[in-house]
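The structure under discussion appears below in the form of structure tokens.
Any read-out appearing in this document is the output of simple, stated calculations on the displayed coordinates, not a laboratory observation. Treat the numbers as computed from the prediction; the structure is a model and nothing was measured. All Cβ positions, glycine included, derive from the backbone under ideal geometry; neighbour counts span all protein chains shown.
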Amino acid sequence: MLKFGEDEYGNSVYVAGLGPSRAGTLVALRLVLTESQVSADAFYIVDALQCISLPVRLGGFLSRRCGYVSLGRPMCVYGILARYDCFVRLVSEVKAVCRA
């Protein structure tokens, strides 16, 4: 898990790749936070996978698993830029929920 920064309200924003066993990783993440005495209402976990397209998945596979970084990374960039509106919408929805 990497600290990505802070939002305009001073909330810390973290990014984590969940890997192939997403459900188990989410359970473990919640357990670690709870055991660290972090209140359940002090964090909000968002699944951004809905905004990831096939070029991003394929580019990630080529880059990370196959070592073809010069081919995979541009595919990831293309895929993320193509779905940029989805990410913007997701961030807006999360901010609306967190402000409520």
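Please compute the volume of the convex hull spanned by the alpha-carbon atoms of the chain and report it per residue in Å³.
Numbers: hull volume 12.0 nm³, N = 100.
Cα convex hull per residue, to the nearest whole number: 120 Å³.
If the chain linking Arg89 and Ala16 were pulled fully straight, counting 0.36 nm for each residue of separation and taking away their Cα-Cα distance, it would gain 24.3 nm. Relative intensity of region 50-100 on a log10 scale, I(q)/I(0) at q = 0.22, 0.29 Å⁻¹, equals -0.70, -0.93, per a Debye sum over C-alpha point scatterers of equal strength in the absence of solvent.
Short-range pairs are left out: with C-alpha atoms under 8 Å and at least six residues apart, the relative contact order of region 50-100 is 36 percent. Computed about its Cα centre, the charge dipole of region 1-45 is approximately 280 debye, with only Lys, Arg, Asp and Glu carrying charge at their Cβ.
Against the globular-protein guess of 2.2 N^0.38 Å, express the Cα radius of gyration of region 1-45 as a ratio, rounded to two decimals.
Values: Rg = 11.4 Å, N = 45, 2.2 N^0.38 = 9.3 Å.
The value comes to 1.22.
Measuring from each cysteine beta-carbon in the chain, the ones with no other cysteine beta-carbon under 4.7 angstrom are Cys66, Cys76, Cys98. What you get for the chain, charging only the Cβ of Lys and Arg (+1) and of Asp and Glu (-1), is a dipole of about 460 debye around the Cα centre. Relative contact order of the chain, please, whole-number percent, based on alpha carbon pairs below 8 angstrom and at least 6 residues apart. Computed value for the chain: 17 percent relative contact order.
The value of relative contact order for region 1-45, using C-alpha pairs under 8 Å at least six residues apart, is 22 percent. The GluC sites (Glu not before Pro) of the chain that meet both conditions, a loop assignment by DSSP and at most 14 other Cβ atoms within 10 Å of the site Cβ, are Glu8.
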